[in-house]
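Below is one structure, written out as structure tokens; comments come after it.
The values are calculated or read from the model by the stated rules, or taken from the named source; none is laboratory data. It should be emphasised that the depicted structure is a prediction, and the values quoted were computed from it without experimental measurement. Ideal geometry is used to build each Cβ from the backbone, glycine not excepted, and the neighbour counts take in all protein chains shown.
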Amino acid sequence: MDTQNGITATAPAGKIPEPPEPHLPDDQWGRRAWELLQKLRSRAPLIQCITNVVSMDLMANVLLAAGASPAMLSSLNEISDFTPGVDALCINIGTLSEDGLASMRAAASVAAEAGRPWVLDPVAVSASDFRMEACLGLLELRPAVIRGNASEILGLASARRIRNSKGVDSSHQSLDAVEAAKSLSRSSGAIVAVSGAVDYITDGHTVVGARNGVSMLQKITATGCAVTALIAAFISVEPLSALEATACALSIFGVAAELGMEMATGPASLRMHLIDSLDGLNEHVLVSRMNVFRVS
Ligand SMILES: Nc1ncnc2c1ncn2[C@@H]1O[C@H](COP(=O)(O)OP(=O)(O)O)[C@@H](O)[C@H]1O
Ligand SMILES: Cc1ncsc1CCOP(=O)(O)O
Ligand SMILES: [Mg+2]
């Protein structure tokens, strides 16, 4: 059994690990992202979000602007009825409570049993033992994707609270967490995305970078939470290519931010213009703006 970083390996004993996804040439990412966005818009997948109270509004609006159908249902009493019918689940521990964690565990189990992908956002995982233990327990329930900022991925990958963590914001650069992301991906079986000035996405072998976005995103609360929910929507329409779907979601969010920034005068107007830009995104603009590249 692989217990790298203290996290139990997720592949059943004797099972040969799945090979990495085939490599998409750098010049094909724009076309691929447009294909997935069109799929999302035509299918309008139902995305359940059990998330923090800060992020609910932005997360739901970003999902709607992309073409998905958000539902912020989180009561433990509703999970057995509702969760089997969702297309994907997003779990975010931003304002974690005992009750919230019970709902998260139940929903992740039900989603996994129903064959629905779920994603984890380990917000401020190094802030308390409660958060770290909650995340390590959730990893046992096999998220398809984990997306965090660099400090969060460094903490979760080491299964220990890192000392210079400062709450929900990162005190590290995304590049600092690439090796940790690969290690976490191998030990958890999830695609791992580290966000930042460049987003890095890995399946434990291949690493892809996505360079879209604007630094002012850091001045709007819950942009990380919102992009994690967008990843859930993208993997719901392309579950067998989770690395590609994750990179496309991050890059599309970044392109919408770049377009929004051309009209914005500060964080509040960027928030509004980002949502408008995501809603109106067309093929030509997406393909010409996307900046995704193979790192290794
Ligand atoms: N310096 C930056 N330049 C461009 N985009 C950024 C920058 N920092 C973060 N982003 C983008 O902002 C979004 C949120 O990422 P991040 O701030 O790392 O997450 P969190 O809000 O969870 O800390 C992501 O889409 C990421 O690509
Ligand atoms: C401010 C804050 N406090 C608890 S959750 C939260 C939102 C964090 O959002 P993000 O991780 O996207 O920055
Ligand atoms: Mg975050």
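Within segment 144-179, being within 16 Å of the chain's Cα centre (by Cα) and among the aliphatic types (A, V, I, L, M) holds for Ala144, Val145, Ile146, Ala150, Ile153, Leu154, Leu156, Ala157, Val168, Ala177, Val178. At least 2 residues being under 30 Å from Ser128 (Cβ atoms) and of a type in the set (D, E, K, R) is the threshold, and among the helices (runs of 4 or more DSSP H) wholly inside segment 158-268 those reaching it are 178-188.
Could you grab the pairs with beta carbons closer than 7 Å, sequence gap of 6+ or different chains, first residue in segment 283-296 and surrounded by 15 or more Cβ atoms within 10 Å (Cβ to Cβ), second one assigned to a loop (DSSP other than H, G, I, E, B)? Matching pairs, first to second residue: Arg289/Asn212; Met290/Asn212; Asn291/Arg211; Asn291/Asn212.
The test for being farther than 30 Å from Ser251 by Cα and either within 16 Å of ligand 2 (Cβ to nearest atom) or not charged (D, E, K, R) (or both) does not hold for Ser69. The single condition among (1) within 13 Å of ligand 3 (Cβ to nearest atom); (2) more than 18 Å from Asp121 (Cβ to Cβ); (3) among the β-branched types (Val, Ile, Thr) that Val178 does not meet is (1).
Each residue in segment 202-261 was checked for being of a type in the set (Lys, Arg) and more than 14 Å from ligand 2 (Cβ to nearest atom), and 1 pass. Of everything listed in (1) among the charged types (D, E, K, R); (2) modelled with pLDDT of 50 or more; (3) under 30 Å from Ala157 (Cα atoms), the single unmet condition for Asp27 is (3). Among the residues of segment 204-219, is there at least one that is β-branched (Val, Ile, Thr), closer than 16 Å to Ile91 by Cα and surrounded by 20 or more Cβ atoms within 10 Å (Cβ to Cβ)? Looking for residues that are β-branched (Val, Ile, Thr), closer than 16 Å to Ile91 by Cα and surrounded by 20 or more Cβ atoms within 10 Å (Cβ to Cβ), one finds none in segment 204-219, hence no.
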